[in-house]
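Everything below concerns the one structure shown next.
The values are calculated or read from the model by the stated rules, or taken from the named source; none is laboratory data. Keep in mind it's a predicted model, so treat the numbers as computed, not measured. Reconstructed Cβ throughout: ideal geometry from the backbone, glycine too, with neighbour counts over all protein chains shown.
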Amino acid sequence: MKKTKLTILGDGAWGTTLAILLSKNGHEVTVWSAFPEYLDVLDKERENKTYLKGIKIPSNIVFEKDLGKAIEFGEYIVFSIPSKFFRDVAKKIKKENVSLRGKVFINVAKGLEQKTLKRMTEILKEELGNVQTAILSGPTIAVEVARELPALVVAASKNHSVAKRIQDIFSNEYFRVYTSTDVVGVELGGPLKNIIAVVAGISDGLGFGSNAKAAVLSRGIVEIQRLGEKMGAKRKTFYGLAGLGDLSTTCISPESRNRTLGEKIAKGQKLEDIVNSTSSIIEGATTTEAVYQLSKKYKVDMPIVSSVYQVLYKNKDPKDALADMMTRKRKPE
């Protein structure tokens, strides 16, 4: 396979994991971060002790502080930037005055912009012009992939040849990549499932058992699919890896930040305190309001999303929110 130059934007768990994976696949990898001092630490220690403790970073991965040089280097630019900072980084790239001709920008963030309700690839187009974009998403707990445990994901682009090329670049014996042309569906699956995972965590925190968890997953995917279709996605996408697959992992895994957030909320902790206690971004906390507004905009009935919104932003008691869902008007499935 042809050796490819890739730039990873972001020094979190997933960005670091993908850098390691791509390096092991034989590609040239450069990592840029908004925190240059932390790049020095990563370069020296060859371990991301903050986000990925115990995983060795190969010596051939380059840490680049200059954003312009990092963008210039990569044929493929992987945006592993939290949604709340995504547009800021895109704006910085535009100011670097580097040619973007022929480059492919791959979003791996699972969020929506709160103010505009935009998807991340929409932001890339708005800020960078008519660049080639793609999305890589699926059930991926970073530490599991970093430990080379099996994982399956989807690469989506409107241009099938771009999706196929990404499939070839990222695939190996423990990381299997499928292709899709449903960019909207694959990109929505990640942020939408994060909210359902918060409810799964609340259910766990209240000790409601496996029956309740199964109900959250099955009704949650219905809500995701309803909104996704209204926004132009294909129904079948939400029953694949980027939908049901990602939802299942996030609702079940003890490593899931969104599920853990819900569990802590159920045990009486405040959202602000939970968010401030971690250096990691919990996308479910920042995306819930955006998805709630989207449900209103598209006139989609999303009782689970509405309940999470009430709990996180309106201080509703989790027990009361779940009781309200259980006693809604009876109707056919």
Verdict on ILE81 being in a loop (DSSP other than H, G, I, E, B), hydrophobic (A, V, I, L, M, F, W, C) and within 23 Å of the chain's Cα centre (by Cα): yes
Residue in the stretch 54-72 that is closer than 14 Å to GLY12 by Cα and among the β-branched types (Val, Ile, Thr) present: yes
Residue within the stretch 92-109 that is under 26 Å from PRO139 (Cα atoms), among the aromatic types (Phe, Trp, Tyr), surrounded by 14 or more Cβ atoms within 10 Å (Cβ to Cβ) and in contact with a strand residue (DSSP E or B) (Cβ under 6 Å, 6 or more places away or on another chain) present: yes
Where ALA290 falls short, out of the listed (1) in contact with a Gly (Cβ under 9 Å, 6 or more places away or on another chain); (2) at pLDDT 95 or above: (2)
Single match in ILE224, ILE265 (criterion: under 26 Å from GLY185 (Cβ atoms) and buried (at least 17 other Cβ atoms within 10 Å of the Cβ)): ILE224
Residues of the stretch 7-33 satisfying the condition of being touching a helix residue (DSSP H, G or I) at 6+ places or on another chain (Cβ under 7 Å) and either charged (D, E, K, R) or under 22 Å from THR278 (Cα atoms) (or both): LEU9, ASP11, ALA13, TRP14, THR17, TRP32, SER33
Residue among THR288, THR237 that alone is surrounded by 23 or more Cβ atoms within 10 Å (Cβ to Cβ), out of contact with any Lys or Arg (no Cβ under 7 Å at 6 or more places or on another chain) and within 26 Å of ASP11 (Cα to Cα): THR288
Qualifying residue in the stretch 247-262 (condition: touching a strand residue (DSSP E or B) at 6+ places or on another chain (Cβ under 8 Å) and part of a helix (DSSP H, G or I)): no
Count of the stretch 197-250 residues which are polar (S, T, N, Q) and more than 17 Å from the chain's Cα centre (by Cα): 5
Hits in the stretch 91-108 (condition: under 17 Å from the mean Cα position of the chain (by Cα) and free of Cβ contacts under 8 Å to residues at least 60 places away in the same chain): PHE105
Check on GLY111, part of a loop (DSSP other than H, G, I, E, B) and on the phi > 0 side of the Ramachandran plot: no
Positions within the stretch 87-105 being more than 16 Å from ASP66 (Cβ to Cβ) and not in a loop (DSSP other than H, G, I, E, B), in sequence order: ARG87, ASP88, ALA90, LYS91, VAL104, PHE105
Some residue of the stretch 25-37 being of a type in the set (Gly, Ala, Ser), surrounded by 15 or more Cβ atoms within 10 Å (Cβ to Cβ) and assigned to a helix (DSSP H, G or I): no
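Within the stretch 194-238, work out how many residues are over 21 Å from VAL311 (Cβ atoms), at pLDDT 95 or above and assigned to a helix (DSSP H, G or I).
Here the count works out to 8.
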Hits in the stretch 38-66 (condition: touching a strand residue (DSSP E or B) at 6+ places or on another chain (Cβ under 6 Å) and in a helix (DSSP H, G or I)): LEU39, LEU42, ASP43
Pairs, first within 18 Å of ALA290 (Cα to Cα) in the stretch 228-245, second not in a helix (DSSP H, G or I), C-beta under 7 Å, six or more apart: LYS230/TYR298; LYS230/VAL300; MET231/TYR298; ALA233/ASP182
Output for the stretch 204-237, where each listed residue is within 9 Å of CYS251 (Cβ to Cβ) and among the small types (Gly, Ala, Ser): GLY220
Contacts under 8 angstrom Cβ, first residue in the stretch 187-206 being at negative phi and crowded, with 24+ Cβ neighbours inside 10 Å, partner assigned to a loop (DSSP other than H, G, I, E, B) and of a type in the set (Gly, Ala, Ser), 6 or more apart: LEU188/ALA233; GLY190/ALA109; GLY190/GLY111; PRO191/GLY111; ASN194/GLY111; ALA197/SER256; GLY201/SER256
Selection from the stretch 141-184 of residues that are buried (at least 22 other Cβ atoms within 10 Å of the Cβ), in a loop (DSSP other than H, G, I, E, B) and of a type outside the set (Ser, Thr, Tyr): ASP182
Residue match in the stretch 260-273 (condition: without any contact (Cβ under 8 Å) to a residue 24 or more places away in the chain and hydroxyl-bearing (Ser, Thr, Tyr)): no
